[in-house]
Amino acid sequence: MARLVVVSNRVPQPRQRLPQAGGLAVVLADAVKSGSLWFGWSGKCAPATATAATLQEAGGVTYATIDLGETDHRLFYTGFGNGALWPMLLFRLGLINFRPEEYAGYRAVNRAYARALAPLLQPDDLIWVHDYLLIPLAEELRALGVDNRIGFFLHTPFVPPAILSALPRAAELLGSLCAYDVVGFQTRGYLAAFKDCVTQVLNVEVPNIQSPNGQADETVCFSHGGRRVRAIVDPVGIDADAFSRVAQRAVGSPETRRLAASLDGRALAIGVDRLDYAKGLPNRVEAFGRLFEQHPEHRRQVSFLQVAAPSREDIGDYQSLRRQLDRLVGDVNGRYSDADWTPLRYMTRPLGRRTLAGFYRLARVGVVTPLRDGMNLVAKEFIAAQDPLDPGVLILSRFAGAADDMAGALIVNPFDADEVAEAMHAALSMREEERKARHEALHAQVRRTTANRFCEVFLAQLQRTPRHGGIGHPA
Ligand code: ADP
């Protein structure tokens, strides 16, 4: 069995494998198995970017990390990565802030990663690179003569050509993606958008593959730059059974009991997100205000807990989002609170997994209303955490990748505050029978598309790619 080399921008400290808020961190905690090498940024900045990785062993995993120079980190992460590429991939063209020197820094850091990683590689290693910050990595590795099988998984959405083209140099990035043997996406829709971009932006002919059930393709193969690329659909998931067990146990924990006691018999609605403009938090708070306005019977009967973990705090758009939320939450609370009831409880810090699981289980409604989201694991965690005998109801944005196979949720347009308020009303009023039926279907789906299955599907595809993946080899 070939060794697996996982590459992600951020590698946690070994032993201190506490999940950070963020889907990628949570998925990788499950994906990186004993015997693997995990390469990426140490999380530390130094005066200059390191040229060689520092190695540490823990639990059978080798952690190989490099420190980044402060300027490199700013150009790569705060600059191009999250100030230009992220808003484009999340359909927020107005927030794209493109600076050529930041793009150069983004590519330079990918080059530095490749140089530090290449000496650690063995000929048969399968290399699996994660997410938008590392798109050029395979191209940089190839330039150093690495001909291992290299796969890439994009955790964000993928966009249609008209959106992609708004980002300067995006065509170049699309070309860089073609240095991978396998490129994975969360949904069929993203794969179809990728296919359109390859066809229209790179002018590459991509044959149609007829899928047996008449649905959109699940695999797309084409040749570009002397290489064969296979693009696939492989949705990320969670270890649903393990999460259910954690939630069951967490019900008795002091934190969950304190929360339950504080509700004083009222229903709990919960939202859990990184503080990111893609998560639609202002719209969600507004929708809650609308619920109390249009359905006054819910006043004093429900409390909404929003847990928002700060994210990318050195970027201006994230700072203004935080200020906007402080104001909006204060506004709704000022308007509807009573002396002994606050409609919105708002925490800007991460919670531990166990506490989170217990809180989900206590909630009658899970509110997951991103304006765009690659997948959204919170939706899956909420379902896994419920008590099947008295489950809560999931409200889910149609613009989350998760909506593709979670039709049992109340699917909403997050931009429509009235529609979201009506879904909240429907969820709070839903009879037990319907709650159970919806939960049963959703739970079965969440148990099918697990984190393990996600890894197995991707690695099986990568493994079946011939080495030296140039044209002429069978696909
Ligand atoms: P994203 O990757 O964009 O952050 P996901 O919903 O896919 O979105 O993943 C978020 C992950 O981070 C989930 O596993 C969730 O439990 C965790 N998370 C998000 N916010 C918090 C928080 N405030 N405290 C603890 N964990 C959080």
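Key figures
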| read-out | value |
| --- | --- |
| For Leu37: the one exception among (1) touching a residue at least 60 places away in the same chain (Cβ under 8 Å); (2) closer than 21 Å to Arg274 by Cα; (3) surrounded by 15 or more Cβ atoms within 10 Å (Cβ to Cβ) | (2) |
| Residue in the range 58-66 that is in a loop (DSSP other than H, G, I, E, B), touching a residue at least 12 places away in the same chain (Cβ under 8 Å) and farther than 30 Å from Val159 by Cα present | yes |
| Residue match in the range 17-32 (condition: at pLDDT below 95 and away from the ligand (no atom under 16 Å from the Cβ)) | no |
| Looking only at the range 296-323, and only at residues there that are more than 21 Å from the chain's Cα centre (by Cα) and hydroxyl-bearing (Ser, Thr, Tyr), the one that is surrounded by the fewest Cβ atoms within 10 Å (Cβ to Cβ) | Ser320 |
| From Ala231, Ala267, residue being more than 16 Å from the ligand (Cβ to nearest atom), under 30 Å from Ala179 (Cα atoms) and modelled with pLDDT of 95 or more | Ala231 |
| Residues of the range 260-290 classified as over 27 Å from Arg323 (Cβ atoms) and assigned to a strand (DSSP E or B), total | 1 |
| The one condition in (1) within 21 Å of Glu139 (Cβ to Cβ); (2) at pLDDT below 95 that Thr49 fails to fulfil | (2) |
| Residue identified as of a type outside the set (S, T, N, Q), under 20 Å from the mean Cα position of the chain (by Cα), buried (at least 18 other Cβ atoms within 10 Å of the Cβ) and within 28 Å of Phe91 (Cβ to Cβ) among Ala400, Ala423, Ala407 | Ala400 |
| Looking only at the range 247-260, and only at residues there that are over 27 Å from the mean Cα position of the chain (by Cα) and under 23 Å from Ile395 (Cβ atoms), the one that is surrounded by the fewest Cβ atoms within 10 Å (Cβ to Cβ) | Ala260 |
| Matching entry among Arg345, Arg327, Arg361 (being more than 12 Å from the ligand (Cβ to nearest atom) and without any contact (Cβ under 8 Å) to a residue 40 or more places away in the chain) | Arg327 |
| Meets criteria (over 30 Å from Leu459 (Cβ atoms), in contact with an Asp or Glu (Cβ under 8 Å, 6 or more places away or on another chain), away from the ligand (no atom under 13 Å from the Cβ) and of a type outside the set (S, T, N, Q)) for Arg300 | yes |
| Top-ranked residue in the range 234-246 [being away from the ligand (no atom under 12 Å from the Cβ) and touching a residue at least 24 places away in the same chain (Cβ under 8 Å); ranked as surrounded by the fewest Cβ atoms within 10 Å (Cβ to Cβ)] | Asp241 |
| Residue pairs meeting the criteria (Cβ under 8 Å; at least 6 apart or on separate chains; first at positive phi, in the range 364-383; second within 12 Å of the ligand (Cβ to nearest atom) and among the small types (Gly, Ala, Ser)) | Asn376/Gly23; Asn376/Ser397; Asn376/Ala400; Asn376/Gly401; Asn376/Ala402 |
| Scope the range 261-279; condition of a type outside the set (A, V, I, L, M, F, W, C) and under 13 Å from Ile395 (Cα atoms); matching residues | Gly271 |
| Test for Ala192: is it part of a loop (DSSP other than H, G, I, E, B), in contact with a strand residue (DSSP E or B) (Cβ under 9 Å, 6 or more places away or on another chain) and either at pLDDT 95 or above or closer than 28 Å to Ala138 by Cβ (or both) | no |
| Qualifying residue in the range 70-86 (condition: outside any helix (DSSP H, G or I), touching a helix residue (DSSP H, G or I) at 6+ places or on another chain (Cβ under 9 Å), away from the ligand (no atom under 16 Å from the Cβ) and β-branched (Val, Ile, Thr)) | no |
| Of the criteria (1) under 21 Å from the mean Cα position of the chain (by Cα); (2) in a helix (DSSP H, G or I); (3) more than 15 Å from the ligand (Cβ to nearest atom); (4) more than 20 Å from Gly392 (Cβ to Cβ), which one Glu293 fails | (1) |
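The values are calculated or read from the model by the stated rules, or taken from the named source; none is laboratory data. Keep in mind it's a predicted model, so treat the numbers as computed, not measured. Glycine gets a Cβ as well: all are built from the backbone with ideal geometry, and neighbour counts include every protein chain shown.
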